[in-house]
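Report on the structure given below.
The values are calculated or read from the model by the stated rules, or taken from the named source; none is laboratory data. Because the structure is predicted, anything quoted here is derived from the model rather than measured. Ideal geometry is used to build each Cβ from the backbone, glycine not excepted, and the neighbour counts take in all protein chains shown. Keep in mind that these areas ignore ligands, DNA and RNA; they rest on the heavy atoms of the full protein, side chains included. Shrake-Rupley method; radii C 1.70, N 1.55, O 1.52, S 1.80 Å.
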Amino acid sequence: MSIRSMMKNRIEPALAGLLGIKTRARLKPISHLEMKNEKWISTGNDPSFLVTGRYFPGWNKIKWESESKSVIPLKMYWDQGNGFSESESLTFSSIPKGFVKREVTVYIPPGTQNLRIDPGEDEAEFMFTNVQLKKTTRIKMVLGFAWKIIHQKGLTNQVTLQLLKKGFQTLRTSGLKATWSKFKAYTGHHAIGSTGSYESWIANQALTSIDIKRIKDEIERMAYKPLISIIVPVYNVEEKWLRLCIDSVLNQLYPNWELCIADDASDKPHIKKVLNEYAQKDSRIKVVFRDKNGHISESSNSALDVATGEYIGLLDHDDELTINALYENAKLLNQHPEADIVYSDEDKISEEGVRHSPYFKPDWSPDLLLSQMYTCHFSIYRKSLIDQVGGFRKGYEGSQDYDLVLRVSELTEKIYHIPKILYHWRTIAESTAFQGSSKSYTHISGMKALEDALSRRKVNGWVEGVEGIPNLYRVNYKLEKEPFVSIVIPNKNLADVLDKCLDSIFNKTTYSNYEVLVVDNGSDTLDTFEVYKKWVEAQPNRFRYCEYDIPFNYSKINNFGVKQTRGELILLLNNDVEVITPNWLTEMASQALRPEIGAVGACLYYPDNTIQHAGVVLGIGGVAGHSHKHFRASENGYFSRLKMISNYTAVTAACLMIKKEIYQEVGGLEENLQVAFNDVDFCLKVYKEGYRNIWLPQVQLYHYESKSRGYEDTPEKQRRFKSEMDFMREKWAYILDNDPYYNPNLSRVKEDFSII
């Protein structure tokens, strides 16, 4: 290539990005697609469009209009001269249900000669039109998104200037990529993925007049209509926010509520005027005017004193409920009248009324709650249980709701989740929705509430904050003794790989009471047995190997190995991992010994320090996928999930610890699953027996994935893989499509917690 051509290939995309040049893409169907009545019909399992017209390499915004009755993943392939292949492809978005206009950002690699877009693999009917590409640059993306977040969060001028100053300092010293990553962490931005804008999701979920009529008819027919008392502590809030808050209760479709407001001796004159006005307007509104300011806990208790409902709902004085919030709770209570705590999903709302930062939560996750106050808004509690624990406690202001849910959840396991956005949390500088310092009073109060919880529960442990992330905690469990841990490693040949793994175990591990058992699966190279000999001599009391020469079956090999072990705890470990954190066994053992815990998983990185494994999400790709795959180690993940101890339904057997008695109780690994999904099946068996599986971000290893077994790249391997997928779908379909530790509003196509 000539210098002139090279310059042209660099300068043209750069100029196009700076100018934001738009090009209309033409879609040419090349397989399994037909046009009928202005809609595309996919007629086979490989529908494909060739993208024709001009486009520029690098970052592009792709915009389109679509309509469909089902969610259809969109996958992009780029041909750099060698044809299209799976190794040069990416699922970049999806066509959602209904009619939407959508814009996402994609990266087209330099040297791309042809582009292809595949709309799913199933037969479907859909509209996909007005496709446009607009060249952009990374700096424009950073600045544009920074402005959007600053605007949404209502940051003060002082905080904005601090943010910009830190940004420029990081840009000078670390570059653009690091600046963007730190900006997201600093602002508390939580990615919703590139699958589509939250605005589009809101439009798809909006209640129609038909929906509202149906809801009202359903309320009329409800056999059980509990009175829900909503308590609102008020102090010197601006009049416009207070009115919006109260109006959001008055607008509820479910009518059997009372609003209990306690003014905490506000000195702004509009407070008493507004509250009296509303109390006269609706007899369901009760107002208490406190003579002395006692802060939010005492004020909330004053509101509780006048509440007569069977359930208590918590609402802040500058936030809003959706019109169906109480209806959705009443609907659940008709299905589950035994429910003691019910919580829902939430988002944030700017001063201008723009909704953003949705938090789509998992079902009840006790270990996640010990890391973060995730239940938060909108929550209702059975009043008798609140009374039993004595209401809100003074001294926990800022985390009084966290302290409450920790105490009430100790009295009941009847806790339910509504996976719908029912609460809008106002982002203004005065609100706790605005991110503060990790040393803020809310963070300190939350730590105090957790320390109290450990004391009440007689847990021998301690609480620490997570560096740089406010209101995030890590509970540590002290080991009274070091139980014997048996590490089981299947291996065939790959002497250098195994030696690296063993070296990291024996030379980095601070835990002392363990053994390593390598199960040799038919090695036939001399250097492999030399590695065995080396470690038998170096670690005679800790290392041994046994031979099990059968056709490769990961489950059989591990089951055989476990039978040879002496440990109270079993650690399944791949031969292609390398220990990073010296206290890894201590951390994992302290969790595995808890009576309620089943499988314990670790954080595995690729060699380039991106995430390989951070817990398993069911349903992705049909069976399961790895949470946050390919995220950088420095990133916090979806609402800081990459930095917190949390529950997942499954974790990978590449590094999995469990009590030996539980391993035996569930029958070990399923031997019909020779290669794939045996760890997912195993964890689901453990979960079914009532144990919680857990993932630990602080336990870190490198995973040189697939060095041992390679990829599913032959017809025989692909047939075997499909049969194992079919096995899982048949056995576990009911939970694969409804992962309790995920959320139905999040993608089953991508692994980044993006919105459907």
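Checking the conditions here, which among Lys75, Lys63 is closer than 20 Å to Phe99 by Cβ, at pLDDT 85 or above, among the basic types (Lys, Arg) and surrounded by 12 or more Cβ atoms within 10 Å (Cβ to Cβ)?
Lys63 is the lone residue from the list that is closer than 20 Å to Phe99 by Cβ, at pLDDT 85 or above, among the basic types (Lys, Arg) and surrounded by 12 or more Cβ atoms within 10 Å (Cβ to Cβ).
Those residues that are assigned to a loop (DSSP other than H, G, I, E, B) and within 28 Å of Arg748 (Cβ to Cβ), I need them from region 577-631; list them, please.
Once the filter is applied, which keeps residues that are assigned to a loop (DSSP other than H, G, I, E, B) and within 28 Å of Arg748 (Cβ to Cβ), region 577-631 yields Tyr606, Asp608, Asn609, Ala614, Gly615, Gly619, Val623, Ser627, His628, Lys629, His630, Phe631.
Looking at (1) in contact (Cβ under 8 Å) with a residue 24 or more places away in the chain; (2) in a loop (DSSP other than H, G, I, E, B), which is the one condition that is false for His417?
(2)
Can we say Gln252 is part of a loop (DSSP other than H, G, I, E, B), of a type in the set (S, T, N, Q) and at pLDDT 90 or above?
yes
If a residue has to be closer than 21 Å to Pro470 by Cα, in a loop (DSSP other than H, G, I, E, B) and either hydrophobic (A, V, I, L, M, F, W, C) or open to solvent by less than 10 Å² (accessible area, probe 1.4 Å) (or both) to count, how many in region 632-655 make the cut?
3
Can you confirm whether region 557-569 contains a residue that is of a type in the set (A, V, I, L, M, F, W, C) and either more than 17 Å from Leu656 (Cα to Cα) or part of a loop (DSSP other than H, G, I, E, B) (or both)?
Looking through region 557-569, none of the residues is of a type in the set (A, V, I, L, M, F, W, C) and either more than 17 Å from Leu656 (Cα to Cα) or part of a loop (DSSP other than H, G, I, E, B) (or both).
Where the second residue is among the polar types (S, T, N, Q) and the first is closer than 19 Å to Thr375 by Cβ and lies in region 731-745, which pairs have Cβ atoms under 7 Å and are six or more apart or on separate chains?
Listed by first residue and then by second, the contacts come to Asp739/Thr649; Pro740/Thr649; Tyr741/Ser365; Tyr741/Asn647; Tyr741/Thr649.
Pick from region 705-733 the residues that are among the aromatic types (Phe, Trp, Tyr) and either in contact with a strand residue (DSSP E or B) (Cβ under 7 Å, 6 or more places away or on another chain) or at pLDDT below 90 (or both): which of them is surrounded by the fewest Cβ atoms within 10 Å (Cβ to Cβ)?
Tyr711
How about region 494-513: which of its residues are crowded, with 18+ Cβ neighbours inside 10 Å and either at pLDDT below 95 or more than 15 Å from Val579 (Cα to Cα) (or both)?
If the condition is that a residue be crowded, with 18+ Cβ neighbours inside 10 Å and either at pLDDT below 95 or more than 15 Å from Val579 (Cα to Cα) (or both), then Leu494, Ala495 are the ones that fit.
If you go through region 299-317 one residue at a time, how many are open to solvent by 60 Å² or more (accessible area, probe 1.4 Å) and of a type in the set (D, E, K, R)?
Of the residues in region 299-317, 2 are open to solvent by 60 Å² or more (accessible area, probe 1.4 Å) and of a type in the set (D, E, K, R).
Specify the residue that is most open to solvent (accessible area, probe 1.4 Å); the eligible residues are those in region 79-110 that are farther than 20 Å from Asp752 by Cβ and part of a strand (DSSP E or B).
Top of the filtered list is Lys101.
If I go through region 515-555 residue by residue, how many of them are touching a residue at least 12 places away in the same chain (Cβ under 8 Å), open to solvent by less than 80 Å² (accessible area, probe 1.4 Å) and under 30 Å from Asn672 (Cα atoms)?
Number of matching residues: 21.
Step by step: first the residues of region 233-254, then only those that are aliphatic (A, V, I, L, M) and over 10 Å from Asp319 (Cα atoms), then the one that is surrounded by the most Cβ atoms within 10 Å (Cβ to Cβ). Which residue is that?
For region 233-254, the residue satisfying everything is Val234.
Taking the residues in region 300-338 that are of a type in the set (S, T, N, Q) and over 34 Å from the mean Cα position of the chain (by Cα) as candidates, determine which candidate is nearest to Ala206 (Cα to Cα).
Filtering region 300-338 for residues that are of a type in the set (S, T, N, Q) and over 34 Å from the mean Cα position of the chain (by Cα), the one nearest to Ala206 (Cα to Cα) comes out as Thr308.
Under the condition of being open to solvent by 40 Å² or more (accessible area, probe 1.4 Å) and not polar (S, T, N, Q), which residue from region 582-605 is nearest to His703 (Cα to Cα)?
Checked region 582-605; the qualifying residue nearest to His703 (Cα to Cα) is Pro582.
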